[in-house]
Structures are given as structure tokens and as C-alpha cells.
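Trainee: My questions will all concern the structure given below.
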Amino acid sequence: MPLHLAPAPAPALRSVLAALGSPTAVREAPVPALRAHQGPLSPDHALPVHVWDDVSGGMPQTRLTGWRFLVRGGERAVATAEAMLTADGWAFARFCGGPYVAATEQALAQAEALATPCQPRLLSVPELYMLTLWLHHDTASDGAEGLPAPGDLLIPLAPAPPGIAAHRPQHIADLLPRLTRRLTPATPLLAEPA
């Protein structure tokens, strides 16, 4: 199934292209794979980044925080580049590396193999230090708006929190109880000494 990628705002894309075109920005990036890459770099797969701040509140209430682009160096992604909305408009925020780069590529490949059309987004859950690929059911939306629906799929990216299977697509309604349980403090096994 082809993914229905929402177009990133033109100023967000321009800010990332400017950063990729700046030898200083690339050389000073905290991403060894980006600094070491020889050859052209290009932004790919623009994904809106939404944050879900209060997992215990039930169905997600999210907010857009930026757009993340996979940075291609040849056949593979070597980093991500993120643009964020500031008071002056869209601006380049940072380059990132680490396991979420390959995990995002893997999750996108999984999403392409699914039968149902969807719009891919990233959903960050800071309370759990978790990042997921959110497969939104409304393929016509602009990517910046819309709330997760119970039938939307989440693919937790690796590394996922303990008890959450990475790269296993799950409906939000099915995953929600496990996420909430992860935030519930454990009951002590022994009484504290008096």
C-alpha cells in the first residue's frame, strides 16, 4: 500500500535544505554517520511530529511540535533533520542520529506492506520515553491536525519501553491500557519498616 505522506510546510523544507547545504551545520552535527558521509545528502519522508503529553488522560490529545525528515545519503538514511515552528515561522532545529533513524525506516517499510491506506506521522510519548510511527486513518488531512482515533495503528520504534513490543503494529485502543499500566506506580511487595 502506498503511504499518503502529507506535504511538509515549504518553509520547514527550505530550512532543512539550507542546513543540509551548510558545510558548517553538517560538520558540527552531533551525528557521526552524517559527518562521515561522503556525497550528497537529501531530505526524504517528511513526517509531522506530534506529542502526546498525558497518557493517563485516555485517548490521545496531541499537539504538533515539528516536522522530521529522514536524511538520505545514498541508499540509506544516515540521520534525521527536524524543523520546528517558532515565533518567526518554521526554522531548522537539529540533526539527530541513533537507533530511531533505522527504526523509522523499518517502521515505514512495515507500514507500506499493510493493506489499509494511512498517513504516517510520528507520535512521541515523553512520559514513557517512547517514539512511534502513527498510521493515521485520515489520508486527506494536512498532517498538522487531527487526533488519533481508536482504529489508528501505532508502530512503537526500537528501542521501546519494557513491556511494549517494538515494531509490532497495534491499534491505539489496544495499546492504551499497556501504556497506562506502564505509568502506574508499582505496589510495594513488602511493608516499609516502621
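The values are calculated or read from the model by the stated rules, or taken from the named source; none is laboratory data. Note that the coordinates shown come from a computational prediction; the quantities given were computed from them, not determined experimentally. For neighbour counting, all protein chains shown are included, and Cβ atoms are generated from backbone atoms with ideal geometry for every residue, glycine included. In case anyone asks, the SASA skips ligands and DNA or RNA and just uses the protein heavy atoms, side chains included. Shrake-Rupley method; radii C 1.70, N 1.55, O 1.52, S 1.80 Å.
Trainee: Over the chain, what is the relative contact order in whole percent, taking alpha-carbon pairs under 8 Å and six or more residues apart? Could you put the intermediate results ahead of the total?
Mentor: Details: 386 pairs, mean separation 40.5, N = 194.
So the answer I get is 21 percent.
Trainee: Taking θ as phi - 60°, what are the ³J(HN,Hα) couplings along segment 16-28 by the Karplus curve (6.51, -1.76, 1.60), each to the nearest whole Hz, with x for Gly and Pro?
Mentor: For segment 16-28, the Karplus curve yields 5, 4, 5, 5, 5, x, 9, x, 5, 4, 5, 5, 8 Hz.
Trainee: Taking +1 at the Cβ of each Lys and Arg and -1 at the Cβ of each Asp and Glu, which of L154, A144, A36 sits farthest along the dipole of the chain towards its positive end, judged by Cα position relative to the Cα centre?
Mentor: Of L154, A144, A36, it is A36.
Trainee: For helix 99-112, what angle does its Cα long axis make with the longest principal axis of the chain, in degrees from 0 to 90 and rounded to 10?
Mentor: Approximately 90 degrees, to the nearest 10.
Trainee: If we count every other residue with Cβ under 14 angstrom of S141's Cβ, Lys/Arg +1 and Asp/Glu -1, where does the sum land?
Mentor: My count for the surroundings of S141 gives -3.
Trainee: Using the beta-carbon distance between D54 and T116 and R0 = 41 Å, what value does 1/(1 + (r/R0)^6) give for FRET efficiency, to the nearest 0.05?
Mentor: Details: r = 28 Å, r/R0 = 0.68.
With R0 = 41 Å, the Cβ-Cβ based efficiency is 0.90.
Trainee: In square angstrom, rounded to the nearest 10, how much accessible surface does S141 have for a 1.4 Å probe?
Mentor: 20
Trainee: Nearest 20 debye, what's the magnitude of the dipole of the chain about its Cα centre given +1 on Lys and Arg Cβ and -1 on Asp and Glu Cβ?
Mentor: That gives the chain a dipole magnitude of about 420 debye.
Trainee: Right, next: Cα extents of the chain along the three principal axes, largest first, in whole Å?
Mentor: Sorted from largest, the Cα extents of the chain read 62, 44, 35 Å.
Trainee: With axes computed from alpha carbons, what is the tilt in degrees of helix 172-183 against the longest principal axis of the chain, rounded to the nearest 10 within 0 to 90?
Mentor: Orientation of helix 172-183: about 70 degrees from the principal axis.
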